[in-house]
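The values are calculated or read from the model by the stated rules, or taken from the named source; none is laboratory data. Remember, predicted model here, so these are calculated numbers, not experimental data. As a convention, Cβ positions derive from the backbone with ideal geometry for all residues, glycine included, and neighbour counts pool all protein chains shown. Only protein heavy atoms, including side chains, enter the accessible area calculation; ligands, DNA and RNA are left aside. Shrake-Rupley method; radii C 1.70, N 1.55, O 1.52, S 1.80 Å.
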Amino acid sequence: MTNSPNFIQHLHAFRGFAILNVVGAHAWSFMIFWTGGLNVDGLKWLFWLTETIFHGSTLYFAIISGLLFSRVLAGRDWSAFYQSKLINVLLPYIVTSFALTALYWQFYIQDPAFENTIISYFEVVAKNLVIGKADIHFWYIPVLMVMFLTTPLLTFIQNKSNVLTCLIILIPLVISRSPFPDFIKPQTFIYFIGAYMLGMAIGANYQKVEEQVAKYQQWLIVIALATSCALFLLYVGDYQHSGFYSIRQTLVYLQKVAICLVVLYWLSRFEHDLPKWLLTLGTYAFAIFFLHVVFIGIVITNVREWLDSSRTVELVALFGSVNFIAGIGGSIVLAAIVKRFLGKHSKKFVGV
């Protein structure tokens, strides 16, 4: 892998950084809401803090996907581009959707009106694949596939019109992704396509962007801190949004873009001296994305009774940390086992 002429080590490491944040977005919030909610003094503060840091981290993946396209994949023909996405993204999405639908089948059949048949199973899988419902975070894959499908059009726009390119990049400031639980709405696709286009623009002008980040990184850090403070205050004030716009998602977009640019710059400074654990996380990033909620669910199942009898902020925070470690570690171990048995074909099953 590291011998490939297309391998850029610090971009690979950034995938590791991104997956840490995605798992962080689920580790503590799921521990809170899957075991009773915000029913203890102090839990709101834990939720507000973790949401401020981690919510919206999927944006990192949208940006890096666009960046990698411009830096690595843009020179290939479209058939090679889509073949790589079929093998590395769509196939493991289909396989894990089949597996997770079977794993969670007990919850589907709790409805007395539900017909527990093999036909019903395939109908549920088909629905899950279209709307990303096999697991709570799978909504992102249909969004990602639309981003890939629109890549030729976005490339044409990028080559022909700087103004239109900038407008698409800025759209997430005024059109926000839809909130939980209905993630798959047209506005969500628009929001993430804007981030994807930003990544494409960064990748196409990478040296210039690096120079500007080096010059203005202090201001980017200020933006990241200021937006984080504003986001935290919105949580404290119990801000709720409806419709296609949310000031929270505008702030999240600005926050994540600023952090992304700074972290990419810092990682590039250590291109040949990056920690192996971060590169390993980059290698297993997609596998962790697909699998981590399964291991979070296992942890929560085993500590729920404990939290029922002794629910404190300290325990929820601790078990949220266990979620974080188990989600990452369990996913890597399982993916490594699959890789051991299937070799290069494991990419079709777990994305690594």
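Computed values, structure above
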quantity: Computed lengthening from Ser310 to Ala80, 0.36 nm per intervening residue step minus Cα-Cα distance; calculated: 77.3 nm
quantity: Convex hull (Cα only) mean projected area of the range 196-270, reported in nm² to one decimal; calculated: 5.8
quantity: Environment charge of Arg177, counting only residues whose C-beta is closer than 14 Å and scoring Lys/Arg +1, Asp/Glu -1; calculated: +2
quantity: Average projected area [Cα convex hull, the chain], square nanometres; calculated: 19.2
quantity: When the range 306-352 is reduced to its Cα atoms, the Kirkwood hydrodynamic radius in Å; calculated: 12.5
quantity: Contour excess over end-to-end distance, with Cα ends at Asn39 and Leu91 and 0.36 nm allotted per residue; calculated: 14.7 nm
quantity: Solvent-accessible surface ranking, highest first, for Asp135, Asp77, Asp41 at 1.4 angstrom; calculated: Asp41, Asp77, Asp135
quantity: ³J(HN,Hα) computed for each position of the range 27-33 - Karplus, 6.51 cos²θ - 1.76 cosθ + 1.60, integer Hz, glycine/proline x; calculated: 4, 8, 5, 5, 4, 6, 8
quantity: Probe 1.4 Å, protein heavy atoms only - accessible area per residue of the range 59-274 in square angstrom; calculated: 50
quantity: Mean separation of Cα contacts under 8 Å (6+ apart) over length of the range 238-352, as relative contact order %; calculated: 30
quantity: Vicinal HN-Hα couplings computed from phi for the range 213-226 (Karplus, 6.51 cos²θ - 1.76 cosθ + 1.60; Hz; Gly/Pro x); calculated: 5, 4, 6, 10, 4, 4, 6, 5, 5, 4, 4, 4, 5, 5
quantity: 10 Å Cβ shell holding at most 12 others, DSSP loop, GluC sites (Glu not before Pro): longest site-free stretch of the chain; calculated: 116-270
quantity: Cα-based reach from Lys215 at 27 Å (exclusive), listing lysines while leaving out same-chain residues under 8 positions away; calculated: Lys256
quantity: The chain - percent relative contact order, Cα under 8 Å, separation 6 or more; calculated: 33
quantity: Most mobile listed residue (Ser246, Ser176, Ser79) in the chain, GNM with C-alpha springs under 10 Å; calculated: Ser79
quantity: Apportionment of accessible area to carbon and sulfur, the chain, percent (1.4 Å); calculated: 67
quantity: Most fluctuating residue given options Thr35, Thr117, Thr96, as computed from a GNM of the chain linking Cα atoms under 10 Å; calculated: Thr117
quantity: The range 235-248 - phi-based ³J(HN,Hα) in whole Hz, Karplus 6.51/-1.76/1.60, Gly and Pro as x; calculated: 5, 4, x, 6, 5, 10, 10, 9, x, 9, 10, 9, 4, 4
quantity: Long-range Cα-Cα pairs in the range 1-141 (distance over 22 Å), rounded percent; calculated: 57
quantity: Highest-fluctuation residue, Val316, Val293, Val236 considered, GNM on the chain with Cα pairs under 10 Å; calculated: Val236
quantity: Length added when fully stretched, Phe114-Tyr245, from 0.36 nm per residue minus Cα-Cα; calculated: 43.5 nm
quantity: Over 23 Å between alpha carbons, listed pairs Lys133/Lys339; Lys276/Lys339; Lys44/Lys127; calculated: Lys133/Lys339; Lys44/Lys127
